[in-house]
Amino acid sequence: MSTKSIRLLLIAGARPNFMKIAPIMKAFEEYEDFELTLVHTGQHYDPNLSSVFFEELGIRQPDVYLNVGSGSHARQTADVMVAIESLCLERQQSGAPFDGVMVVGDVNSTLAAAVAGAKLNIPVIHVEAGLRSRDRTMPEEINRILTDSISSLLLASEPKGVENLLAEGHSKERVQLVGNVMIDTLRSQIERAKKQQTLSRFGLTPGSYGVVTLHRPANVDSKTTLSDLLGVIKNVSNRVPFIFPMHPRTRSRVEQFGLEPYFMESSGCIVCEPLGYLDFLCLTSQARLIVTDSGGLQEESTALGIPCLTLRDNTERPITCDEGTGTLIGSSSRLLEEKLEEVLSGNYKVGTCPALWDGEAAGRIARVVSEFFVGKPTGSGSV
């Protein structure tokens, strides 16, 4: 097969995507048959949620930047679909069509690009396929289900994902367990991250503070729920300081509900702007505990062995609770307080890192994709 004969369109749209595409792009450097076109949809447009990740992770500048920005789920998805369809059609007309569309994760850009590709009969590859929370009130769950339903190759990060896909009727030939590619980035960057001056900048010492992230509507869109959760954090911060990189959505709700005094009254709760990947990994990797409603941080905390109190009623990543360091708290301030006490008293469970969360997932992904298109491996990766 001639050099660079397989043209792969790779889609990134939001912060969680960037940590996944970085090792994938690096892994494909060993495969001469592949030419990657990187599209950044611009779903996350804040520099600290987007462009800084490209710089820190060494991702080359996108070949195409769509700049879709914010908007309703329907508008954002539609804008990406139109743009991706137009790009694919242009490439067809130029005589250099895309042979595949690779999407990662579960954001609106993931679904939009998958639909655009599938309707043009371009095989769709979904990295992180099969994750299910069973909660269809979550936009991400809808994105996951629909993306998987139209994908030609389904690459799962954990065994439960494979089980889910097979139970939904996907053929074994189209499903592969490759491991967690986001952990590739964590493992490759952790020593570099720990050299950042982030802790000293915020007056923190390793192993003696907590990290909080909140952004999901169930936790931040109700004044009662948000104030109760923040009240627990404020009270516990008298014993262990917390740093809270505040998502724009959460900051807006805090201001709307007049909850700023929660932070003014607590010297142990440090609020800051969203951080770049290295700064944030510097914090999370050396924390005593993590309180979050983030999917990615559930995984990272398990890989790091850090107790993670997950402010959700369910999770599409059950392995973080079954094997790892995670515990589902829901939006219960009572349960949050109870589990925080377990952590601080040394009575919290000890988790293990799941199999194939070993920093080698991207190599397995590249090999499986190569086999899918070429029929045999052309690189050095192994499944």
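The values are calculated or read from the model by the stated rules, or taken from the named source; none is laboratory data. Since this is a predicted model, take the numbers as computed values, not measurements. Every residue, glycine as well, gets a Cβ built from its backbone with ideal geometry; the counts of neighbours run over all protein chains shown.
Taking the options Val175, Val240, Val236, name whichever one is outside the structural domain of Pro274 (by TED's automatic domain parsing) and of a type in the set (Val, Ile, Thr).
Details: Val240 fails: outside the structural domain of Pro274 (by TED's automatic domain parsing); Val236 fails: outside the structural domain of Pro274 (by TED's automatic domain parsing).
None of the others qualify; the one that does is Val175.
I need every pair where a residue in region 76-96 that is without any contact (Cβ under 8 Å) to a residue 60 or more places away in the chain has its Cβ under 7 Å from the Cβ of a residue that is in a helix (DSSP H, G or I), sequence separation at least 6 or different chains.
Gln76/Asn108; Thr77/Asn108; Thr77/Leu111; Thr77/Ala112; Met81/Ala112; Met81/Val115; Met81/Ala116; Glu85/Ala116
Looking only at helices (runs of 4 or more DSSP H) that fall completely inside region 287-383, which ones have 1 or more residues that are in contact (Cβ under 8 Å) with a residue 24 or more places away in the chain, in the same structural domain as Ala129 (by TED's automatic domain parsing) and closer than 22 Å to Ser157 by Cα?
Details: elements: 295-304, 319-322, 333-344, 361-374.
Where helices (runs of 4 or more DSSP H) fall fully within region 287-383 and carry at least 1 residues being in contact (Cβ under 8 Å) with a residue 24 or more places away in the chain, in the same structural domain as Ala129 (by TED's automatic domain parsing) and closer than 22 Å to Ser157 by Cα, they are 361-374.
To keep it simple, each residue is scored yes or no on (1) within 16 Å of the chain's Cα centre (by Cα); (2) surrounded by 18 or more Cβ atoms within 10 Å (Cβ to Cβ); (3) modelled with pLDDT of 85 or more.
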position: Met1; (1), (2), (3): no, no, no
position: Arg7; (1), (2), (3): no, no, yes
position: Gln43; (1), (2), (3): yes, yes, no
position: Phe53; (1), (2), (3): yes, yes, no
position: Gly58; (1), (2), (3): no, no, yes
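Are any residues in region 160-192 of a type in the set (A, V, I, L, M) and over 18 Å from the mean Cα position of the chain (by Cα), and if so, which ones? Break it down stepwise before answering.
We begin by selecting, within region 160-192, every residue of a type in the set (A, V, I, L, M); these are 162, 165-167, 175, 177-178, 181-183, 186, 190.
Within region 160-192, Val162, Leu165, Leu166, Ala167, Val175 qualify.
Just to be sure, is Thr110 without any contact (Cβ under 8 Å) to a residue 60 or more places away in the chain and on the phi < 0 side of the Ramachandran plot? Walk me through how you get there before you give the answer.
Values: without any contact (Cβ under 8 Å) to a residue 60 or more places away in the chain: no; on the phi < 0 side of the Ramachandran plot: yes.
Considered against the rule, which asks whether it is without any contact (Cβ under 8 Å) to a residue 60 or more places away in the chain and on the phi < 0 side of the Ramachandran plot, Thr110 comes out as no.
Output the number of the condition that Gly207 fails; it satisfies all remaining conditions of (1) under 27 Å from Arg312 (Cα atoms); (2) in a helix (DSSP H, G or I); (3) assigned by TED's automatic domain parsing to the domain that holds Ile243.
Of everything listed in (1) under 27 Å from Arg312 (Cα atoms); (2) in a helix (DSSP H, G or I); (3) assigned by TED's automatic domain parsing to the domain that holds Ile243, Gly207 misses just condition (2).
Out of curiosity, is Glu158 within 28 Å of Phe54 (Cα to Cα) and either at pLDDT 95 or above or not assigned by TED's automatic domain parsing to the domain that holds Gly100 (or both)? Steps first, please.
Working: within 28 Å of Phe54 (Cα to Cα): yes; either at pLDDT 95 or above or not assigned by TED's automatic domain parsing to the domain that holds Gly100 (or both): yes.
Taking the combined requirement at face value, the residue satisfies it.
Would you check which residues across region 74-107 are in contact with a helix residue (DSSP H, G or I) (Cβ under 6 Å, 6 or more places away or on another chain) and among the small types (Gly, Ala, Ser) and list them? It would help to see each step written out before you state the result.
Taking region 74-107 and keeping what is in contact with a helix residue (DSSP H, G or I) (Cβ under 6 Å, 6 or more places away or on another chain), we get 76-77, 80-81, 84-85, 97-98, 101, 103-106.
Hit for region 74-107 is Gly105, nothing else.
Considering Phe244, Phe280, Phe263, which residue is outside any helix (DSSP H, G or I) and aromatic (Phe, Trp, Tyr)? Break it down into steps so the answer makes sense when it comes.
Values: Phe280 fails: outside any helix (DSSP H, G or I); Phe263 fails: outside any helix (DSSP H, G or I).
It is Phe244.
How many of the residues making up region 77-122 are part of a strand (DSSP E or B) and surrounded by fewer than 24 Cβ atoms within 10 Å (Cβ to Cβ)?
Within region 77-122, the subset part of a strand (DSSP E or B) is 100-104.
From what's left, surrounded by fewer than 24 Cβ atoms within 10 Å (Cβ to Cβ): 100.
Total satisfying the criteria: 1.
Looking at Gly258, is it out of contact with any Asp or Glu (no Cβ under 8 Å at 6 or more places or on another chain) and among the small types (Gly, Ala, Ser)? First the steps, then the outcome.
Details: out of contact with any Asp or Glu (no Cβ under 8 Å at 6 or more places or on another chain): yes; among the small types (Gly, Ala, Ser): yes.
Judged against the criteria, Gly258 is a match.
Taking region 236-249 on its own, how many of its residues are touching a residue at least 60 places away in the same chain (Cβ under 8 Å) and of a type outside the set (A, V, I, L, M, F, W, C)? If you could, list the steps in order and put the result at the bottom.
Going residue by residue through region 236-249, those that are touching a residue at least 60 places away in the same chain (Cβ under 8 Å) are 236, 239-240, 248.
Applying the additional criterion that residues be of a type outside the set (A, V, I, L, M, F, W, C) yields 239, 248.
Adding up the residues that qualify gives 2.
So, in region 123-137, of the ones that are closer than 20 Å to Gly13 by Cα and in contact (Cβ under 8 Å) with a residue 40 or more places away in the chain, which residue ends up surrounded by the fewest Cβ atoms within 10 Å (Cβ to Cβ)? Please lay out each step first, then the result.
Just the residues of region 123-137 that are closer than 20 Å to Gly13 by Cα, to begin with: 123-131.
Still in the running and in contact (Cβ under 8 Å) with a residue 40 or more places away in the chain: 123, 125, 127-131.
Working: Pro123: 18, Ile125: 25, Val127: 27, Glu128: 31, Ala129: 27, Gly130: 26, Leu131: 25.
Out of the qualifying residues, it is Pro123.
Given the options Glu173, Glu163, Glu128, Glu141, name the one that is acidic (Asp, Glu) and assigned to a strand (DSSP E or B). Spell out the reasoning first.
Working: Glu173 fails: assigned to a strand (DSSP E or B); Glu163 fails: assigned to a strand (DSSP E or B); Glu141 fails: assigned to a strand (DSSP E or B).
Of the residues listed, the single one that is acidic (Asp, Glu) and assigned to a strand (DSSP E or B) is Glu128.
Which one of the conditions (1) at pLDDT below 95; (2) buried (at least 19 other Cβ atoms within 10 Å of the Cβ); (3) over 30 Å from Gly117 (Cα atoms) does Arg216 fail to meet, given that it meets all the rest?
Exception for Arg216: condition (3).
Just name the residue that is farthest from Glu141 (Cα to Cα) out of those in region 274-302 that are among the aliphatic types (A, V, I, L, M) and surrounded by fewer than 22 Cβ atoms within 10 Å (Cβ to Cβ). Break it down stepwise before answering.
Initially, region 274-302 is screened for residues among the aliphatic types (A, V, I, L, M), giving 275, 278, 281, 283, 287, 289-291, 297.
Checking which are surrounded by fewer than 22 Cβ atoms within 10 Å (Cβ to Cβ) leaves us with 275, 278.
Details: Leu275: 26, Leu278: 28 Å.
Going through the qualifying residues, I end up with Leu278.
Per-residue answers, yes or no, for (1) touching a residue at least 12 places away in the same chain (Cβ under 8 Å); (2) more than 23 Å from Asp135 (Cβ to Cβ); (3) surrounded by fewer than 20 Cβ atoms within 10 Å (Cβ to Cβ); (4) of a type in the set (A, V, I, L, M, F, W, C):
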residue	(1), (2), (3), (4)
Asn164	yes, no, no, no
Gly169	no, no, yes, no
Val178	yes, yes, no, yes
Arg187	yes, yes, yes, no
Arg192	yes, yes, yes, no
Gln196	yes, yes, yes, no
Arg201	no, yes, yes, no
Val220	yes, no, no, yes
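What about Glu360, is it charged (D, E, K, R) and closer than 24 Å to Tyr209 by Cα?
Details: charged (D, E, K, R): yes; closer than 24 Å to Tyr209 by Cα: no.
When the stated conditions are applied, Glu360 does not pass them.
Could you figure out which of (1) of a type in the set (A, V, I, L, M, F, W, C); (2) farther than 24 Å from Arg317 by Cβ; (3) out of contact with any Phe, Trp or Tyr (no Cβ under 9 Å at 6 or more places or on another chain); (4) modelled with pLDDT of 95 or more isn't true of Phe28?
Result: Phe28 passes all but (3).
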